[in-house]
Each structure stands twice: as structure tokens, then as C-alpha cells.
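Below is one structure; the comments refer to it alone.
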Amino acid sequence: MPGACFAAARSATVGTPAQFEESSPQAGELKRVVRVVDGDTIVVSPNEKVRLIGVDTPETVHPKKAVACFGKEAKQFTRDAVEGKTIRLVLDKVNTKRRHRDRYGRTLAYAYLADGTMLNRELIRQGYAHAYTRFQFRHLVEFRELERAARVEAVGLWASCPLK
């Protein structure tokens, strides 16, 4: 059972400035996942591409890059967690000015599973992704710490792939 691999690693960021707040997970929009593009990008019904905020999984579908080390595993992890299931998408207020879209038109969101687990967080915690910190977001400090812990514990890609 895919949901069993998630630990209850849910913590609020204390002292977060208002501009970095996200709507509460209960306030998000329920969507059905119709396809997983790669570990950090999904498609929800009817046909909306969603880029998970704050995570960068190894490439599997880049037109100019080969499949990266641990890319297939990251994509499979995301597929097992959400494909065909209903998730709750929560937006981060920091992306309001850009209408919650990236430069490719994908919706930027946190994805919560039925049990309340945030997929973005789990991808990093279990070593399927790097913390993507190029842009500000509410969980930036937490995601950096989760990546550091995954590196130290040599989990997932940190155990399987050569460090850059």
C-alpha cells in the first residue's frame, strides 16, 4: 500500500511572514490525478499541469537531457502516491502575483494526500528530490533541512547517485 510509506512528518513553520503563508490544507481544492509526468509534475482533471512547489526530482522526460539517476524511482514514487487518486491542491500566497503559475503555465501547488500527508515534503524527506529553493515559498527552510537530513542519512538518491 503506497500510503503506508509516509510517516507523519507534518509540522507548521513557526514565525512565517504572512506573504509566505499558504492556505490551510483544508482550504485547498480537491482534484483527481490523471497522470504523472515525472516526480515533481502531475496532471489533474480535467487537464491541468501542476508543478509541486519546492521540489526538484531527477529528470525523466526532459527533451534535451537523459533520464537522470533516480529519476525513474522518483516518478514511480509519485505515481504510486497519487495517480488515479483525489488529492488536495494548496496554493502558496507568495505566488499570487504570478497567478500561481510558473513560466511554463503550470499551476504551482502543494499536494496533500487523503491522509493529510504533503507529497512535496515526502519526496524530499525520503530522498526522491532536492529542495528547490531558487524561489521563495513558505516551507523553504523546512525543505532545506529535510534535504540535509536525507543526505546525512544517505536515503534515496543520496545513497544511489554520484554527488554533483
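The values are calculated or read from the model by the stated rules, or taken from the named source; none is laboratory data. Just so it is clear, the model here is predicted, and its values are computed rather than measured. Virtual Cβ from ideal backbone geometry, glycine too; neighbours counted across all protein chains shown. Note: accessible area is taken over every heavy atom of the protein model, side chains too, but ligands, DNA and RNA are not part of it. Shrake-Rupley method; radii C 1.70, N 1.55, O 1.52, S 1.80 Å.
In the range 110-157, Rg over Rh equals 0.97, where Rg is the alpha-carbon radius of gyration and Rh the Kirkwood radius from pairwise Cα distances. Per residue, the solvent-accessible area of the range 23-139 (1.4 Å probe, heavy atoms of protein chains only, all protein chains present) comes to 49 Å². Judged by the mean number of other Cβ atoms found within 10 Å, the most tightly packed of the peptides 119-127, 48-56, 33-41 leads the ranking 119-127, 48-56, 33-41.
Here's how it looks for residue 108: its modeled amide H is under 5 Å from those of 51, 101, 102, which are all 5 or more places away or on a different chain.
At q = 0.18, 0.26 Å⁻¹ the log10 of I(q)/I(0) for the range 73-153 amounts to -0.84, -1.37, computed by Debye summation with a single uniform scatterer per C-alpha, solvent ignored. Give, as a single signed number, the net charge of other residues whose beta carbon lies under 14 Å from the beta carbon of residue 47, with Lys and Arg counted +1 and Asp and Glu -1. Within the 14 Å Cβ shell, the charges total +4. Ordering 61-73, 81-93 by mean Cβ neighbour count within 10 Å, with the highest value first, yields 81-93, 61-73.
Share of carbon and sulfur in the accessible area of the range 80-132 stands at 47%, probe radius 1.4 Å. Quick one: in the range 25-117, what % of C-alpha pairs are over 20 Å apart? The share of Cα pairs beyond 20 Å in the range 25-117 comes to 33 percent.
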